[in-house]
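Quick notes on the structure that follows.
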Amino acid sequence: MIIKINEKKEFIFGAIPNGSHVFSRMIIGSNNSSLRYSSGIRIKFRSKAKTPKISYTCREDLGTRATMGLYLQKGITWVVYDESKKIICLDSNYGKNTGEDVLLYDNKRNTSLEYEICLPTLNEIADIFIRINDNESIEKVTDYSKEGTLVFLGGPFTLGNGATFCYSSFPYQIAHNLKMDFFNLALWNNNHFNAEIVKTSGKLNPEIIICEINSINMDEDFFKKEIEKYILCVSSLYGKEKIIFFSQPYDSKNEKLVLRDKKIKDIIKNISNSNVKFFDGISAYDFLDFEVISLSNNYVSDYGHYLLSTVISKYLKD
């Protein structure tokens, strides 16, 4: 069975020998585009297979680093749910090389289980092979209740920095909460505005756009040339779509970051689009001790990712 993913993330089935199942990762943009590294791919399937295994190959034409100095990421994360949707397994082979089969779950009772495969955003993966026995079957699962997609723009936090697994990062959690498909285009590092990425996001027909703002550079020229340009470009590209800008949580004693958020609020206040919302890092987390949710370098922990996803998901559901 061959499973490939087209631009709509639809599975295309075909037959190959020895009971293997394979899909190819989707590439957004041309081979020379920085967007080729980006994905929000989650593959969900259901099977009674006793010992489903997974392996993957990597693209041979990639260097060790992607654009803007961001390292490519090896490995995948997988989640296994029982019939009541309870998570019974969460694991990853993050950082490991290609080639070897990895057991997803030892399904000794041959019950119908649901599997979710999550790829990191900046990944080297070319093809993933899901292997089951010849007499076993696999069924695609699509549980997205909404049409349209989520699109995430931003930098390291949106990439998942601080999260133990990509599944734990807030983009995956928001998509899960809203039951929506998503693309993670987190290649704008807040210091180099990339109009190509913003314009490409519009081609994905998003219903909701969620954008990270993380720069602590308070130079006035920088704000005018980069931050304001970014906010205005995203805001002008869409009409009825909801647009969420947010900054990472931070210690309220950091006066530079408090001033940054005030400037961002002022920019957004002047945009005549009622669908634009801003969550500043303090207001989203002001009921918690900063140390509880943070790691070094101001990246938040799994719990911080969870809290941000909860705050934004609640707003989008209301």
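A few comments on the model shown:
- Residues in region 239-268 that are in contact (Cβ under 8 Å) with a residue 12 or more places away in the chain, acidic (Asp, Glu) and not in a loop (DSSP other than H, G, I, E, B): 261 only.
- Only strands (runs of 3 or more DSSP E) whose full extent lies in region 124-203 are considered here, and the ones with at least 3 residues that are modelled with pLDDT under 80 and in the same structural domain as residue 250 (by TED's automatic domain parsing) are 181-185.
- Among (1) under 23 Å from residue 174 (Cα atoms); (2) modelled with pLDDT of 80 or more; (3) out of contact with any Cys (no Cβ under 6 Å at 6 or more places or on another chain) - the single one residue 293 does not satisfy: (2)
- Restricting attention to region 240-257 and to residues that are closer than 18 Å to residue 301 by Cβ and in contact with a strand residue (DSSP E or B) (Cβ under 7 Å, 6 or more places away or on another chain), the residue that is modelled with the lowest pLDDT turns out to be 249.
- When the residues of region 92-111 are filtered to those that are at pLDDT 85 or above and surrounded by 13 or more Cβ atoms within 10 Å (Cβ to Cβ), the one that is farthest from the chain's Cα centre (by Cα) is 107.
The values are calculated or read from the model by the stated rules, or taken from the named source; none is laboratory data. Nothing here was measured: the structure is a model prediction, and the numbers come from that model. Because the Cβ atoms are built from the backbone with ideal geometry, glycine has one as well, and the counts that use them run over all protein chains shown.
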